[in-house]
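Novice: The structure is given below, and queries will be raised subsequently.
The values are calculated or read from the model by the stated rules, or taken from the named source; none is laboratory data. Just so you know, these numbers come straight off a predicted model, no measurement behind them. Every residue, glycine among them, receives a Cβ derived from its backbone with ideal geometry; neighbour counts consider all protein chains shown.
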Amino acid sequence: MLRTHDLNVMQDVESLFHPYTLLAKQRETGPLVMTRGDGIYVEDDQGNRYLEGMSGLWCTALGFSEQRLVDAATRQMHKLPYYQLFAGRANEPSIELSHRLIEKTKHLGMDKAMFANSGSEANDQAVKMIWYYFNAIGKPNKKKLIARERGYHGVTVMSASLTGLAGNHMDFDLPIGDRVLRTASPSHYHYAKPGESEAQFVDRIVAELEALIAREGADTIAAFFGEPVQGAGGVIIPPPGYWEKVQAVLKKNDILLVADEVITGFGRTGHWFGCDAYQIRPDIMTVAKALSSSYLPISATLVSARIYEGLTQGSTRNGVFSHGVTYAGHPVCAAVAIETLKIYEERDLVGHARNISPHFLQRLQALESHAMVHATRGTGLIGAFELVQDKATRKTFDAASGMLARVQSAGLEVGVIVRPLRDTIAVCPPLIINDAQIDELFDKIRRALDLAHADARKAGLMP
Ligand SMILES: Cc1ncc(COP(=O)(O)O)c(C=O)c1O
């Protein structure tokens, strides 16, 4: 019900164009306005409190009230609120942050960090760097990019083209151009053939990747983009052996690997990076979100020495490397990111995520006893479950039934925020969550499922 007496709500409906929102419905319902946060909880303008089971958009790793980040921003605001990095200029926080990021990723082969504001931009500039690199080293035909079904790399024209989700393409006239090649998602749950083991599934999709490369010609393919764990595509945990075999194929064909660590970076998998969790050795990494616990927008594209040298050669020939955004390495955002990294270290939050993960995964798995849940999966502190109408046949709900949205709204009623993604419900709490709060998270999810189940029965959708 639209709260027509509420000025905020009416101004929202009149003026605010919401991203990723059912636009017509928004006019009827108005917004859910959050006004404050503490720890892993947020509170709306009606005083309702929610356990933020998605860390906002998979991002507020330190929760919603970390005073040290506020202080870091304030200090930097007073000292130097803005200065750019163009033309060899710098500010102190962006230098320190790049140093810390490279220190943390040196073992993965990273050598230089270029900043931007969002995950989408970080991936976008990765593409531009790759194209520039292959021109610089005299391989101008090597330009195509392989990206996966269910991959999510953002929404700018190029990063949305890499994204492998229909909604990001439909009527946006994307993917743009003909340089994006699509390969399989490593989701055994969704795409295994009847009776196919995980190992057989991996062998099949890796063989399909090899066939794609052979068909297109390795000398035309520049890079492969992948999230170590696919997030928005449904929290897809790669089966054992997947990354090892994919990397072997890429190496053999001299195809660069871009690890999109926008969700998996900084502890989400119980390791500093998804690359550590799956022994991935990328040429480029993109990071954002938990880099600043999302208190301020900042992202980075990290590149290996080989890529940086190539780009330097190109710039020696072409002149200025003509890429960069006004706010790249913004000193206030960088100061907050430095403080965030310090907190991760001091509190060993990566170790905490790893230690607490078994409890998280065990409570997640216990949802499988619920009538509407068919399967669960997770790693570290990220997980998901599949919502089904019929467990025996794995039949999912029709989109028109509104049951996925119902689970989300039932969650709000009982005070927990989760996120529906197609037939999947994702869970990704702040890394600071403790054991008791994990119990609260899953108790509430179960109550939300019970409410949704009761509605499904009333509507005759389930026995
Ligand atoms: C893996 C991944 N890459 C890129 C992005 C895009 O980041 P942003 O929304 O900051 O542009 C996201 C956002 O959810 C993401 O999950």
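Novice: Can you name the residue in the range 27-79 that is under 21 Å from Phe360 (Cα atoms) and of a type in the set (S, T, N, Q) and, of all such residues, is surrounded by the most Cβ atoms within 10 Å (Cβ to Cβ)?
Specialist: The selected residue is Ser55.
Novice: When you scan the range 151-172, how many residues do you find that are buried (at least 23 other Cβ atoms within 10 Å of the Cβ), assigned to a loop (DSSP other than H, G, I, E, B) and more than 11 Å from the ligand (Cβ to nearest atom)?
Specialist: Here the count works out to 1.
Novice: Sticking with this one: Which residues, taken from the range 400-434, are of a type in the set (A, V, I, L, M) and surrounded by fewer than 17 Cβ atoms within 10 Å (Cβ to Cβ)?
Specialist: Those that are of a type in the set (A, V, I, L, M) and surrounded by fewer than 17 Cβ atoms within 10 Å (Cβ to Cβ): Ala400, Ala405, Leu412.
Novice: I need the full set of residues from the range 299-319 which are at positive phi and among the aromatic types (Phe, Trp, Tyr), in order please.
Specialist: Within the range 299-319, no residue meets the criteria.
Novice: Hey, another quick one. Only one of Val303, Val262 is β-branched (Val, Ile, Thr), within 18 Å of Leu381 (Cβ to Cβ), crowded, with 23+ Cβ neighbours inside 10 Å and touching a residue at least 60 places away in the same chain (Cβ under 8 Å). Can you tell me which?
Specialist: Just one listed residue meets the conditions, Val262.
Novice: Going residue by residue through the range 76-86, is there one that turns out to be at pLDDT 95 or above, in contact with a strand residue (DSSP E or B) (Cβ under 8 Å, 6 or more places away or on another chain) and among the polar types (S, T, N, Q)?
Specialist: no
Novice: Answer yes if at least one residue in the range 447-454 is among the small types (Gly, Ala, Ser), out of contact with any helix residue (DSSP H, G or I) (no Cβ under 8 Å at 6 or more places or on another chain) and at pLDDT below 95, and no otherwise.
Specialist: No, the range 447-454 has no match at all.
Novice: Return only the number of the condition from (1) over 21 Å from the mean Cα position of the chain (by Cα); (2) within 24 Å of Arg306 (Cβ to Cβ) that Gly177 does not satisfy.
Specialist: (2)
Novice: Condition test on Ala328, is it buried (at least 20 other Cβ atoms within 10 Å of the Cβ), more than 13 Å from the ligand (Cβ to nearest atom) and closer than 30 Å to His78 by Cα?
Specialist: In short, yes.
Novice: Can I ask one more? What is the residue count in the range 122-149 for residues that are surrounded by 24 or more Cβ atoms within 10 Å (Cβ to Cβ) and not hydrophobic (A, V, I, L, M, F, W, C)?
Specialist: Adding up the residues that qualify gives 5.
Novice: With the requirement that a residue be acidic (Asp, Glu) and within 16 Å of the ligand (Cβ to nearest atom), what does the range 261-315 give you?
Specialist: Glu261
Novice: Kindly provide the set of residues from the range 195-222 that are exposed (fewer than 13 other Cβ atoms within 10 Å of the Cβ) and either hydroxyl-bearing (Ser, Thr, Tyr) or at pLDDT below 95 (or both), ordered by number.
Specialist: Residue satisfying the conditions is Ser197 alone.
Novice: Kindly check whether there is at least one residue in the range 58-78 that is touching a His at 6+ places or on another chain (Cβ under 9 Å) and without any contact (Cβ under 8 Å) to a residue 40 or more places away in the chain.
Specialist: no
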